[in-house]
Amino acid sequence: MALLYPDYKSIVDLYEDGIHSMYDNKRQGGKDRSSKGALTENILEAIVHLAWHKIGGKTHCLYIAKRRVNVPIDADYVRNLTPESTRNHVKQDVEGYFYRIELDKGVEIDNNLVLAIECKSYTENAMLKRVLKDFELASIADPKLIFCLFQLENALGGDYGDPNKPEYLGSKSTHTLLSHSPKVKLEIITLLDGNRNSKREIHDPDHFKELPIENVETCVSKFRVLLAPFL
C-alpha cells in the first residue's frame, strides 16, 4: 500500500498499526522480519511521495516499485578471456551475458530511473557490503543513478541511530566499506532513534519504539534534497 499524500500522522499510524498487528498475529522469526521489511517499504514509499509533493512535483510523474537492472558483461573481460574457445563461445551471444540486480525500490521520474533504494529493517556492515556491491554494479548499467539506504533501525555502529543529526560522523567499519566503493555516493537514512538490540526487538511489546514526528520530518527533508534535481 502506497500513500499518495499522507500527512505525518498517517505515516505514524501506518507504522504503529503494522507493528501491533505483528503482536496480534504472534508472528515469529522470518515472518517478523518479513513483516517489518514490508512495513519499512510502505513507510519509505509514503515518505518519498510526500517529499516529491512538498517540492512541487506532479503526482503522475513519480513511480516507485521494485526494479530490475541488467548489468552487462565487461567488454575487457571478454577480450582477454582464455582459452580462446571459451572467448569465442561467449562472443557468439555476448548480449545474453548479464547479471540481473533487483532493487528493493526504484524511483522513476518521467519514466526515467533516477534513485535506487535499499530498504532494511536494520543494516549490519556485513549486509552493507552486499548492498554496496549491488549498487556498484547498478552504477555500471546506469552511471547517473543515485543511491540510498533506508533503514528502520541502525546496526552500522556510529551515530546513524540519531536520525535528526544534520550530518552523520558514521562508523569506522562503514566508512571503510564506503571507501572501497567510490562510484557509489550513498545516502543513509534512519527512521527510529537508537541502535538495534537483538535482545530487545521492537516487535516485542515491551520494547516497542515510538516514531517521533521529528524523525519523519527529517526523512522527508532528506528525500526532498535527493529528488529536487529531477523536478
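None of the figures in this text is laboratory data; all of them are computed from the coordinates on show. Nothing here was measured: the structure is a model prediction, and the numbers come from that model. Please note: Cβ atoms are built from the backbone with ideal geometry, for glycine as well, and neighbour counts cover all protein chains shown.
Tabulated results
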quantity: Global form of the stretch 146-210, assessed from the alpha-carbon gyration tensor, a/c cut-off 1.5; calculated: prolate
quantity: Peptides 123-132, 218-227 ordered by average Cβ neighbours within 10 Å, highest first; calculated: 218-227, 123-132
quantity: Residues with amide H under 5 Å from that of Tyr122, placed H, sequence gap 5 or more; calculated: Leu152, Glu153
quantity: Relative packing of 134-141, 68-75, which averages over residues the other C-beta atoms within 10 Å, highest first; calculated: 134-141, 68-75
quantity: Using θ = phi - 60° and Karplus 6.51 cos²θ - 1.76 cosθ + 1.60, couplings along the stretch 137-145 (whole Hz; Gly, Pro as x); calculated: 5, 4, 5, 5, 5, 8, x, 8, 4
quantity: Rounded FRET efficiency, nearest 0.05, which uses the C-beta distance separating Ala126 from Tyr99 and R0 of 30 Å; calculated: 0.90
quantity: Filter on Lys58/Lys105; Lys36/Lys144; Lys58/Lys209; Lys129/Lys185 - keep pairs with C-alpha separation over 24 Å; calculated: Lys36/Lys144; Lys58/Lys209
quantity: Förster radius 41 Å - calculated FRET efficiency between Thr82 and Ala228 (Cβ-Cβ, nearest 0.05); calculated: 0.25
quantity: Karplus-derived HN-Hα couplings along the stretch 36-51 (A = 6.51, B = -1.76, C = 1.60, θ = phi - 60°), whole Hz, x at Gly and Pro; calculated: 5, x, 5, 4, 4, 5, 4, 5, 4, 4, 4, 5, 5, 4, 5, 4
